[in-house]
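Trainee: For reference, the structure I am asking about is given below.
The values are calculated or read from the model by the stated rules, or taken from the named source; none is laboratory data. These numbers come from a predicted model, not from an experiment. FYI the Cβ positions are ideal-geometry reconstructions off the backbone, even for glycines, and counts take in every protein chain you see. Areas reflect the complete protein model, heavy atoms only, side chains present, ligands, DNA and RNA absent. Shrake-Rupley method; radii C 1.70, N 1.55, O 1.52, S 1.80 Å.
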Amino acid sequence: PAVAKSKVMRSGSLLKIGLDIHREKFVAVAQYDHATARPPQHFAPAEFVPWVEARLREGFEVHVVHEGCGFGYGLYRALLEAGASCYVIAPQKLDEANTRVKTDGRDSHALCLRLDRYLAGNKNSLAVIRVPSEEEERARHWGRQREQLVHHRQKLEAQGRSLLIGHGWPAPAR
């Protein structure tokens, strides 16, 4: 039993990684095959993909899950290019026990467990989203930028009308 605890099978083993992404750090929880998930590991964003590539060279089949965020899909594309499988999911509440304690390690652990269930056949455990192509992502950017600018302009117009009315001046509709 002591030898089995310390040894991880290398050939054809499955490595599941739950990843919580932030600008300055990535927090990953790894589960080898069906063993208990390991404690969280912290990575600088530039260190994570090379670490995954090293696991792939060791013979692991790597699956990574992370929530979609404002950083785009560059990590997804880099992991696919490296040879790993990557799942981007819709952001969601990961505190199933409703403990109201939110930490990056807990989120990564919950993602890792959900990935384990997903790969075991429970397709409802992850809300996987379709990742747009780079062209689609660029096209979305312009539309979203315009929507934000229109929203800000309308907000400023409303504030200006309110200021005019507050001082007894007539406020035009536009």
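Trainee: Can you tell me which residue among E136, E147 is within 30 Å of H66 (Cα to Cα), in a helix (DSSP H, G or I) and either under 21 Å from the mean Cα position of the chain (by Cα) or in contact (Cβ under 8 Å) with a residue 12 or more places away in the chain (or both)?
Mentor: Residue meeting the stated conditions: E136.
Trainee: Going by the conditions given, is Y87 farther than 22 Å from H34 by Cα and either in contact with a Lys or Arg (Cβ under 9 Å, 6 or more places away or on another chain) or hydroxyl-bearing (S, T, Y) (or both)?
Mentor: Working: farther than 22 Å from H34 by Cα: no; either in contact with a Lys or Arg (Cβ under 9 Å, 6 or more places away or on another chain) or hydroxyl-bearing (S, T, Y) (or both): yes.
Spelling it out, it is not the case that Y87 is farther than 22 Å from H34 by Cα and either in contact with a Lys or Arg (Cβ under 9 Å, 6 or more places away or on another chain) or hydroxyl-bearing (S, T, Y) (or both).
Trainee: In addition: For segment 116-127, what are the residues that are hydrophobic (A, V, I, L, M, F, W, C) and either under 19 Å from A30 (Cα atoms) or exposed (fewer than 14 other Cβ atoms within 10 Å of the Cβ) (or both)? Before you say what the answer is, go through the steps one by one.
Mentor: So the first thing to find is which residues in segment 116-127 are hydrophobic (A, V, I, L, M, F, W, C), and the list is 119-120, 126-127.
Answer for segment 116-127, where residues must be hydrophobic (A, V, I, L, M, F, W, C) and either under 19 Å from A30 (Cα atoms) or exposed (fewer than 14 other Cβ atoms within 10 Å of the Cβ) (or both): L119, A120, L126.
Trainee: Which of the residues belonging to segment 78-115 are surrounded by 14 or more Cβ atoms within 10 Å (Cβ to Cβ), more than 21 Å from A46 (Cα to Cα) and of a type in the set (G, A, S)?
Mentor: Of everything in segment 78-115, just one residue is surrounded by 14 or more Cβ atoms within 10 Å (Cβ to Cβ), more than 21 Å from A46 (Cα to Cα) and of a type in the set (G, A, S), namely A110.
Trainee: Related question: For segment 82-94, name all the residues that are under 19 Å from E136 (Cα atoms) and either assigned to a helix (DSSP H, G or I) or of a type in the set (S, T, Y) (or both).
Mentor: Selection gives Y87 alone.
Trainee: Now, a different point. Does A173 fit the bill of being assigned to a helix (DSSP H, G or I), among the hydrophobic types (A, V, I, L, M, F, W, C) and open to solvent by 40 Å² or more (accessible area, probe 1.4 Å)?
Mentor: no
Trainee: Residue under question is Y73, and the condition is that it be without any contact (Cβ under 8 Å) to a residue 60 or more places away in the chain and of a type in the set (S, T, Y); does it hold? Show your work before the answer.
Mentor: Values: without any contact (Cβ under 8 Å) to a residue 60 or more places away in the chain: no; of a type in the set (S, T, Y): yes.
The answer is no for Y73.
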